[in-house]
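For reference, the structure is listed below as structure tokens.
The values are calculated or read from the model by the stated rules, or taken from the named source; none is laboratory data. Note that the structure is a prediction, hence the values are computed from the model and not measured. Positions of Cβ are generated from backbone atoms using ideal geometry, with glycine treated the same way; all protein chains shown enter the neighbour counts. All accessible areas refer to the heavy atoms of the entire protein, side chains included, with ligands and DNA or RNA removed. Shrake-Rupley method; radii C 1.70, N 1.55, O 1.52, S 1.80 Å.
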Amino acid sequence: MMTSLRHLVLFFSGSLRDLMPVILVIAFFQLFVLRQPFPNLAEVLTGLVLVVIGLSFFIRGLNLGLFPLGEAMAEAFARKGSLTALLGFSFCLGFGTTVAEPALIAVVAEAAQVAGSAGHIDDTPEALKSYAFNLRMTVALSVGVALVLGVFRILKGWPIHYLIVGGYGLVVVLTTVAPPEIVGIAYDSGGVTTSTITVPLVTALGVGLASTIRGRNPMVDGFGLIAFASLMPMIFVLVFGMVV
């Protein structure tokens with residue numbers, strides 16, 4: 001009984017330790033800068049406990065399920081020796097995980113509401129839904145393309161910094177010609193794509209692939225797919241803004 005309790009405490013203590021800096025910052029500014037008590041303290045504490053529990057199980061789930069699954073599938077596709085199958089899987093993985101990202105769904109919905117209120121699109125439910133859907137599909141398509149490019153880089157052994165510098169150079173150029181209303185959305189879209197669902201599977205794909213291919217170093221070649229997944233949506237959304 002005591003051993004089980006000790007394991008349970010250790011299981012949740014890691015998440016609580018990770019959240020402690022955020023808790024201390026909020027508490028300091030609330031109590032010493034704003035000089036106000038916490039509103040609904042009981043609800044805040046209950047929410048904090050739920051966050052610790054949820055984060056603990058989420059991290060455990062990544063270690064037990066998503067990371068091993070991603071690495072195993074990458075190794076299986078590499079051993080299969082089919083470039084078409086590997087690149088097709090990479091595209092579908094990037095597209096599918098991005099479409100399912102809750103953060104992206106929230107951002108495109110907010111972008112549609114703001115665009116409708118500002119008069120850039122018709123402020124009707126149909127127009128707002130269409131704009132949000134098209135923006136979401138554009139971002140998902142861009143991440144699929146990003147993973148294809150990133151996987152191809154691992155296979156060929158290309159230095160990552162050339163592609164990243166060239167990509168951000170293209171972002172700068174597109175920013176000067178894209179409508180100002182889309183620039184902020186484009187930049188934010190690069191961040192929301194690398195969230196809770198996409199990152200574990202994409203990271204596992206890169207590490208598993210680099211570990212399987214002879215001559216590739218998992219530390220050097222296995223990481224970097226997330227950078228492409230952050231960069232490519234900015235390019236695609238800027239072009240989307242110019243077209244739409």
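Within segment 186-196, the set of residues being part of a helix (DSSP H, G or I), among the small types (G, A, S) and surrounded by fewer than 18 Cβ atoms within 10 Å (Cβ to Cβ) comprises G191 only. Please indicate, with yes or no, whether at least one residue in segment 142-152 is at pLDDT 85 or above, in contact with a Leu (Cβ under 7 Å, 6 or more places away or on another chain), of a type in the set (V, I, T) and within 18 Å of A204 (Cα to Cα). Yes. Residue pairs whose Cβ atoms lie under 6 Å apart, sitting 6 or more positions apart in sequence or on different chains, and linking a residue in segment 165-185 that is in contact (Cβ under 8 Å) with a residue 40 or more places away in the chain and within 22 Å of V108 (Cα to Cα) to a partner that is open to solvent by less than 90 Å² (accessible area, probe 1.4 Å) and not hydrophobic (A, V, I, L, M, F, W, C), are A178/G241; P179/G241; I182/G241; V183/T175. Residues of segment 164-185 that are in a helix (DSSP H, G or I) and within 20 Å of Q113 (Cα to Cα): P180, E181, I182, V183, G184, I185.
All of M219, M242 fail the test of being open to solvent by 40 Å² or more (accessible area, probe 1.4 Å), assigned to a helix (DSSP H, G or I), without any contact (Cβ under 8 Å) to a residue 40 or more places away in the chain and aliphatic (A, V, I, L, M), apart from M219. Scanning segment 20-39 for residues that are outside any helix (DSSP H, G or I) and surrounded by 11 or more Cβ atoms within 10 Å (Cβ to Cβ) yields one hit, F38. Scanning segment 164-185 for residues that are among the aliphatic types (A, V, I, L, M), open to solvent by less than 50 Å² (accessible area, probe 1.4 Å) and either under 14 Å from the mean Cα position of the chain (by Cα) or closer than 11 Å to L231 by Cβ (or both) returns I164, V171.
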